Amino acid sequence: MKAHLKGIAEMFNGDYLASELYSIYATPSSGKTLFLIGEAVQAIKNGYRVLWLDTEGGFDGLWNYWRPIYDKRFDGKYNDSAFFYKRFSKFEDMMAYLGESVEFDFTKSKTEMIYHGKIKKGTPTVYDDFGRLKGKTLIIIDSLTNIFRHHLVTSTQNFPVRADATGMLISTLILLAARVEAPVIATNHASLNPTDRYQAHADMRGGNTLYYSSKYIVLLDRPRKKVLQSFRHIWAVRTPIAQDWAIDRWVKITNDGYIDSSEEEIEKTIDGKNDASEQSV
């Protein structure tokens with residue numbers, strides 16, 4: 001499946017590949033979910049099914065507003081029956097839907113994760129309404145790291161269990177992806193070190209487990225210049241086809257959603273702003 005943006009497709013050397021994890025990370029309100037909506041609609045237009053696992057909330061408003069815009073832009077009939085949406089606030093509930101029974105034990109000095117095995121037959125899981133068919137499928141999770149925020153706060157004592165839980169979630173998603181022949185696109189939160197004023201780019205949350213499980217990692221960077229607030233600078237943080245951080249592209253958020261942009265448009269936008277400032281003096 002091709003990305004709906006040429007710049008992203010170039011970073012991935014063409015199509016999204018089945019059973020691979022693609023991580024898109026950015027700071028809050030940078031447009032991660034909007035990017036995913038574009039990918040989801042394009043996938044459905046090309047005959048794919050989409051499984052959307054939501055841990056962020058607030059999805060309905062964005063989807064209801066932007067889906068018809070992308071639907072019109074991609075010029076085709078939208079197929080609601082191809083879109084499967086599930087909302088989760090607890091890690092245990094998401095894992096149960098994916099067919100695994102786990103729970104956290106908070107009674108000890110260090111939180112532990114207990115694995116109880118496969119979900120018993122008769123309990124509805126993803127395989128009942130989604131996993132029986134193969135081919136032309138896309139799995140989206142928005143976001144992978146947010147599912148731990150409320151139950152496993154960021155503290156030293158929780159680092160080991162967060163790593164274990166992240167690894168289990170990723171491996172379960174990849175197993176599902178292999179079974180239905182699907183790529184997995186996950187958004188993740190980004191963070192900046194407030195004590196490092198020289199830090200150029202945000203880091204992806206999720207630790208080494210998420211980093212090494214993602215063969216493709218993209219930073220969706222929101223420029224600091226006010227005149228460029230509609231643009232996003234995308235960086236190939238990790239990709240098998242090039243050295244880390246070697247590929248970058250520009251995209252723009254318009255009334256029609258994301259579109260590809262260029263260095264030339266960025267320069268003209270900055271120059272135009274400078275010209276306007278000089279004329280007003």
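Only residues that are open to solvent by 40 Å² or more (accessible area, probe 1.4 Å), in a loop (DSSP other than H, G, I, E, B), modelled with pLDDT under 75 and of a type outside the set (Val, Ile, Thr) were counted in the stretch 136-169, giving 3. Inside the stretch 105-135, residues that are under 15 Å from ARG162 (Cα atoms) and outside any loop (DSSP other than H, G, I, E, B) make up a count of 5. Of the residues making up the stretch 12-51, just one is open to solvent by 10 Å² or more (accessible area, probe 1.4 Å), of a type in the set (Val, Ile, Thr) and under 10 Å from the mean Cα position of the chain (by Cα), namely THR33. Is one or more of the residues making up the stretch 52-61 open to solvent by 10 Å² or more (accessible area, probe 1.4 Å), in contact with a Leu (Cβ under 7 Å, 6 or more places away or on another chain) and not charged (D, E, K, R)? No, the stretch 52-61 has no match at all. Of all the criteria given as (1) touching a His at 6+ places or on another chain (Cβ under 9 Å); (2) free of Cβ contacts under 8 Å to residues at least 12 places away in the same chain, the one not satisfied by ASP80 is (1).
Of all residues in the stretch 67-91, those being touching a strand residue (DSSP E or B) at 6+ places or on another chain (Cβ under 7 Å), open to solvent by 30 Å² or more (accessible area, probe 1.4 Å) and not hydroxyl-bearing (Ser, Thr, Tyr) number 6.
The values are calculated or read from the model by the stated rules, or taken from the named source; none is laboratory data. As the structure is a prediction and not an experimental result, all values here were calculated from the model. No Cβ is skipped: glycine too gets one built from the backbone with ideal geometry, and neighbour counts run over all protein chains shown. Just the protein is used for accessible areas: all its heavy atoms, side chains included, with ligands, DNA and RNA removed. Shrake-Rupley method; radii C 1.70, N 1.55, O 1.52, S 1.80 Å.
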